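Visitor: Following this message is one structure expressed as structure tokens.
Values quoted throughout were computed directly from the atomic coordinates according to the rules given, and no laboratory measurement underlies them. Not measured: the values here are computed from a predicted model. For neighbour counting, all protein chains shown are included, and Cβ atoms are generated from backbone atoms with ideal geometry for every residue, glycine included.
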Amino acid sequence: MEQLIQEAKKLLEENKVDVVIGYRSSPLPPFTRPAFIRRPEDCEQLVFNCGSVYNLTRYLIGLGEKPAIVVKGCEQRGLVVLEQENMLPRDSYLLIGVGCSGQVDERKLREGGFDRLPEQLSDELMADKCLYCDQHNTPDADIFVGDEVESVEPRTERYAGLDEFFAQDYEELYHHWTEVFSRCIRCYACRNICPLCYCEQCISYVNMPQWLPRSVADNNNYLFHMRRVLCMAGRCIDCGECERACPVDIPLRTLYKRIAQKIEGFFYGYRAGNNREQLPPLQDFNKDDSADFIL
Amino acid sequence: MADAETTAKTKKKADRTGFEPHIIGFLCNWCTYAGADLAGTSRIGYPTNIKAVRVPCSGRVDAMYVINALKNGADGVLVSGCHPGDCHYNQGNYYARRRFMILREIFSAMGINPERLQMSWCSAAEGAKWAQIVAQVTEKIRELGPFEGI
Amino acid sequence: MKMQKLSEDDIRAGLDKLSRETVVYAPMEQEGRLDFRKMEKGGEVELGARKTIMSAKKLFLPQAEELFSFKAGKHSVEMIDPPKDEEPLVLFACRPCEMRALEIMDKVFNWDYADFQWNERRARATIIVFACLEPLTETCFCNSLGIDSSRSDGADAIIYTTAEGFFARAHSEKGKKALKVFVGKDEEAPEFTTRDFPEKFNTDLQEKMMENFESPTWKEIAPACIGCGICTFVCPTCHCFDIQDEGGRRVRLWDYCTGADFTLMLAHQPRPTQYRRYRQKVMHKYSYYPTRFGEILCTGCGRCIDQCPQNIDFREVLKKCNRLAPAETGGEE
Amino acid sequence: MTAENGNLYKPHIVTVTEVWEETPTIKTFRMVFDDPKVGDNFTFKAGQFGEYSVFGEGEATFCIANSPTRKGYIECSVKEVARMTHGLHLLDVGDKVGFRGPYGNWFPLEEMKGKKLMFIGGGIGLAPLRSLIQNVLDTRKDFDQVDIIYAARCEEEFVYKREIEEWKASSDCGLCLAVDPIPDQVCGDDVRVSFIPPILEEMKPNPKNRIVITCGPPIMIKLVTAKLEELGWPAEQIITTLEMKMKCGLGKCGRCNIGSTYVCKDGPVFTYEQIRSFPQEY
């Protein structure tokens, strides 16, 4: 990662950016943590490896400084969505691209009792989103560091298992989700970590009317998460951060992916952040949209 | 608010026999609301289970309105607007169509029968159609039984 | 000193009996998540050296607690107390740091006004602590906060784990009563001391932080904080709460100072940026609370480090605070 | 004052006996305790606050706006801003509200005796001052000269119009009214079009044996205190009352602190000298 360090140093020395957002190593799993580097001499701390799980694009909105940011291929889609939603102009940051051949699953790393990152990341230890990754190298990068990763045949299907899971009847599904969400502690980590959740006034703060009651009692958690699914519909880039952050292991992506799968089917293969020109489905319409469900 | 919740609770306990569904209708001001009006002035009878809320456009109906209606005791929701191409604001109903298509998918993924959310196009001239839509929706929701979720 | 010597089977049998007589909360695993749960029949209590996700705080300050309910009519209102839970409660196998946290929070909950709900639960509970003779995980730093994790004087009873079995000792009448369900003979117990804490750093930051409140270093202390509530919710000492009316009830809920809406008023936000909120979190624990109550509002349990999604190491934060220096240029934005 | 079973969070029930509109968005409510025993034993001091609840909408913190010398009821003035205040504004005579309190500290009335007092209020910030003004006027002989400066955005935004008329007519106190110098400002002849600092500049109040008590929007407090300091006022002779988001009012919920000072327990009344020592976080 010598090149990353050199490039970052150069950017800071030439005052092209105020801060470089990247990864530095950490003694705790996943053995890296986000780094905000402001001094050229600190650039030595920068690393990029299979433990660089964090989606750093989350820090861009409201940063107030000109950043250069290390972004993996899958996460770049989030920047596209933010651009489409006029939240983050492309010229407000410098994109440092990397080749990524897969990230570790933080949970498996903890459970396995690892005390360092494995030299070679096996498929067993890999985060499931990486197994079907089709964007190993950051597209649209201003600076690309390191070697491009050769694309690998996906080992799983993006939407594998969803059709089977959602084939359950409504009552079973309802029961399943109320059960799962009953353990939610409403820490809002899923919302706060999401690169696309940028609302200054989240609807969960709004109290007139109180759309989403705050206590963990009753079905309030279910309601909150339903609203989040709604927020993510057609926008979720499947970076997996919400699930990684969740302290009580709620399988949020099962829902987000299901909706993404449906949207892909409905709206002409739309996949969030894949194509700058194609508007997100809820910002757009087509006169020929399906009308089967309309009476 | 407290009242709404009490009714929701007592209703939930209610016997399923003789079940009369509560349906909230969000009617677009320019077409469906006028259509419903026409049904009234033409003395076309239709089920009284629907409580109409007049909105400027079906595109104005936020998904939260639907969710909140269900949460506060409705058994079903009907969103009704102008026919495609007839929207007073040109495109509101197209946006609404996508929105509720997705909301129905969210409902079905989270275990709520998507049939509880119905959508229809009904113009100001279609009084009879309105009566027929309401009858149809009421029957559908009646079959589904009381809503016990959220 | 003589202590009651117990085998693992003795403990399990005793817990089984105890849970039939009274409500027992103990660390139990569910789908891989270890947490304090109510013991039901056949529940497998974790006796090993593992840390729960949430701390034992939740039993004394529940995440959502009904303060009272009400029936409001046009010209009348009736307030109804929540159903009283009078059953004694046994909290089994919490750790000395969590016990310490309860003692620390006793102060704020009895500051001039005695918090009925808190005190009532405290009085009702019998707390049996499992001593930590070595750090539970590599994120533990209670030694830096002056906590000797081989003892827990405030607890009703303490149990030591050794290679030969368990040694139990009661500190109070309640503890004695609770330990009676465990069979096992009194035996001479070895001397217990803690060992293997890798480091110890200064946590006396009360003055230093206050003096350097405006230091620009605060912005660099935890820039990665995303403002979620995980660290406060898992913390055994974080006690800030919110009061809301929900469906005919007034409920008290956990709240978190790192969140943007914590102090948000309609027209005014005293802490508009994330670093200010983080500063509030750190300073409440290490400066304001010691100023008011003479104790640091942290017991070094390390849960915030374990659970932080962005891998912020609170120890690193504190070490940075140790190096705080006055602003050279005057740091306000 | 705690409710019977020791549940600190359970309010007393009070009944709204009178409501009047101060401005289009501000109403004042007069309330009486339902339980006469509680009402008879209820005492407070000017400057203290209470937690008012609208059942179903929640609880909020407002100062008690009437003077302790006017017994038998409590009053509060509330601007409609959000859920709870909206619920309160919908209430009418006969409706029930919850009240717990009084909490917090109070204006140092004893120290003020024999001194000249100057009240500077802005907008709804007159509410906490009103409690003290009433108290002072009710025991007028204990004090030297009393002056009131009150400013709001426009004349319509003046709160306590009834009392302002009384103050105008009375010889007990001097009164200076002002409205913000914004374009197309229309106001009566006796109302000045100016912010408060220029008025102070002109008046040059002598700090000798005089105390200023001020309350208003944060920016107004900042400018007024700055101007007074410029005029040579010692900070300990400037008293203000602060507002922070509060939930419990009891020092437990942990959100009203400014540094290690808890506004609900150590405040809301502070001298400017104290405020200057606070970290800049209010």
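Visitor: Let me know the charge dipole size of the protein assembly as shown about its Cα centre in debye, to the nearest 20, where only the beta-carbon of Lys, Arg (+1) and Asp, Glu (-1) is charged.
Guide: Using Cβ point charges on Lys, Arg, Asp and Glu, the protein assembly as shown gives about 1640 debye.
Visitor: Here's another thing I want to ask about it. Before anything else, pin down the relative contact order of chain B: Cα pairs under 8 Å, at least 6 apart, normalised by residue count, whole percent.
Guide: Once divided by the residue count of chain B, the mean separation gives 35 percent.
Visitor: Could you order the peptides B:126-136, A:69-79 from most to least packed, using the average number of other C-beta atoms within 10 Å per residue?
Guide: The peptides rank, most packed first, as A:69-79, B:126-136.
Visitor: Still on this structure, I have one more. Starting from 0 in steps of 10 Å, tell me what percent of the Cα-Cα pairs of region C:242-310 lands in each bin.
Guide: Histogram of Cα-Cα distances, whole percents per bin: 17, 36, 36, 11.
Visitor: Stick to the Cα atoms of chain D, pair each with every other, and give me the Kirkwood hydrodynamic radius in Å at one decimal.
Guide: This gives a value of 19.4 Å.
Visitor: Another question, if that's okay. Output the relative contact order of chain C, whole-number percent, from Cα pairs under 8 angstrom with separation of 6+ residues.
Guide: 22 percent
Visitor: If you average 1/r over every pair of different alpha-carbon atoms in region D:84-178 and take one over that average, what Kirkwood value in Å do you get?
Guide: Kirkwood hydrodynamic radius for region D:84-178: 15.2 Å.
Visitor: What is the percent of Cα-Cα separations in region C:2-188 that go past 31 Å?
Guide: Every Cα pair in region C:2-188 considered, those over 31 Å come to 21 percent.
Visitor: Would you mind giving the mean number of other chain beta-carbons within 10 Å of the Cβ of each residue in B:74-81, as a whole number?
Guide: Mean inter-chain Cβ contacts per residue within 10 Å come to 1.
Visitor: Hand me the trypsin sites (Lys or Arg not before Pro) from region B:19-62 located in a DSSP loop with no more than 12 other Cβ atoms within 10 Å, in residue order please.
Guide: Those that pass, being in a loop and sparsely packed, are B:ARG43.
Visitor: Would you mind telling me which residue in A:LEU12, A:LEU162, A:LEU109 has the biggest mean-square fluctuation in a Gaussian network model of chain A, where springs connect alpha carbons within a distance under 10 angstrom?
Guide: A:LEU162
Visitor: Rg/Rh for region D:166-282 to two decimals, with Rh computed the Kirkwood way over all alpha-carbon pairs.
Guide: Here the Rg-to-Rh quotient is 1.03.
Visitor: State which stretch of chain C is the longest one without any exposed trypsin sites (Lys or Arg not before Pro), exposure meaning a DSSP loop state and at most 15 other Cβ atoms within 10 Å.
Guide: After excluding every exposed loop site, the longest remaining stretch is C:201-322.
Visitor: May I pose another question? A:LYS72: which lysines have alpha carbons under 18 Å from its alpha carbon, excluding same-chain residues fewer than 8 sequence positions away?
Guide: A:LYS129
Visitor: Please label the shape of region D:12-103 as rounded, prolate or oblate, based on the square roots a ≥ b ≥ c of the eigenvalues of the alpha-carbon gyration tensor (a/c under 1.5 means rounded; beyond that, a/b larger than b/c means prolate, else oblate).
Guide: prolate
Visitor: OK, next. Helix A:220-232 versus the longest principal axis of chain A: what is the Cα-based angle in degrees, 0 to 90, to the nearest 10?
Guide: 60 degrees
Visitor: Hey, got the Cα dimensions of region B:20-144 along the principal axes, in Å, largest first?
Guide: Per principal axis, max minus min of the Cα coordinates gives 40, 34, 19 Å.
Visitor: If you wrap region C:114-239's Cα atoms in a convex hull and average its projection over all directions, what's the area in nm²?
Guide: Averaged projected area of region C:114-239's Cα convex hull equals 11.8 nm².
Visitor: Which entries in the list C:LYS200/C:LYS285; C:LYS17/C:LYS174; C:LYS84/D:LYS10; C:LYS320/D:LYS252; C:LYS208/C:LYS320 go over 22 Å, if you measure between the two C-alpha atoms of each?
Guide: C:LYS320/D:LYS252
Visitor: Just tell me how shielded B:112-121 is by partners: mean number of partner chain Cβ atoms within 10 Å of each residue's Cβ, no decimals.
Guide: 3
Visitor: What is the diffusion coefficient of region D:109-241 in µm²/s, taking the Kirkwood radius over Cα pairs and the Stokes-Einstein relation at 37 °C with a viscosity of 0.692 mPa s?
Guide: 220 µm²/s
Visitor: Using only Cα atoms, tell me the angle between helix D:218-230 and the longest principal axis of chain D; keep it within 0 to 90° and round to the nearest 10.
Guide: 40 degrees
Visitor: Over all residues in C:268-275, what is the mean tally of Cβ atoms on other chains that come within 10 Å of each residue's Cβ?
Guide: Counting Cβ atoms of other protein chains within 10 Å of each residue's Cβ and averaging gives 3.
Visitor: In nanometres, what is the gap between the two model label sites at C:THR291 and A:TYR159, each 7 Å from Cα along Cα-to-Cβ?
Guide: 5.7 nm
Visitor: Averaging the inverse of every distinct alpha carbon separation and then flipping it gives the Kirkwood radius. What is it for region C:5-94, in angstrom units?
Guide: 15.5 Å
Visitor: Who wins for biggest fluctuation among D:PRO198, D:PRO268, D:PRO207 in a Gaussian network model of chain D, springs between alpha carbons below 10 Å?
Guide: D:PRO198
Visitor: What do you get for Rg/Rh of region C:206-322 when both radii come from the Cα atoms and Rh is the Kirkwood radius?
Guide: Rg/Rh: 0.97.
Visitor: Can you give the Rg and Dmax of region A:172-259 based on its C-alpha atoms, in angstrom?
Guide: Gyration radius and largest Cα-Cα distance of region A:172-259: 12.4, 36 Å.
Visitor: Further, regarding this structure: Below 8 Å, C-alpha to C-alpha, sequence gap of six or more: please give me the relative contact order for region D:12-103 in percent.
Guide: Relative contact order of region D:12-103: 39 percent.
Visitor: Taking neighbour Cβ counts within 10 Å as the exposure measure, how do B:SER42, C:SER149 sort from fewest upward?
Guide: Ascending Cβ contact count within 10 Å gives the list B:SER42, C:SER149.
Visitor: Right, next: When the expected Rg is taken as 2.2 N^0.38 Å, what fraction or multiple of it is the alpha-carbon Rg of region A:8-124?
Guide: Here the Cα radius of gyration is 1.12 times the empirical estimate.
Visitor: With the radius of gyration and the Kirkwood radius both derived from the Cα set of chain A, what is their ratio Rg to Rh?
Guide: In chain A, Rg relative to Rh is 0.97.
Visitor: Computed on alpha carbon atoms, what radius of gyration and Dmax characterise region A:109-180, expressed in Å?
Guide: Both quantities, over Cα of region A:109-180: 18.0, 51 Å.
Visitor: Remind me, what semi-axes does chain C give for its equivalent ellipsoid, largest first in whole Å, using sqrt of 5 times each Cα gyration tensor eigenvalue?
Guide: For chain C, the semi-axes come out at 36, 28, 16 Å.
Visitor: Each label point is 7 Å from the Cα along the Cα-to-Cβ direction; what then is the distance between the points at D:ASP190 and C:GLN30, in nm?
Guide: 6.9 nm
Visitor: Which percent of the Cα-Cα distances in the protein assembly as shown go past 50 Å?
Guide: Of the Cα pairs, 33 percent sit more than 50 Å apart.
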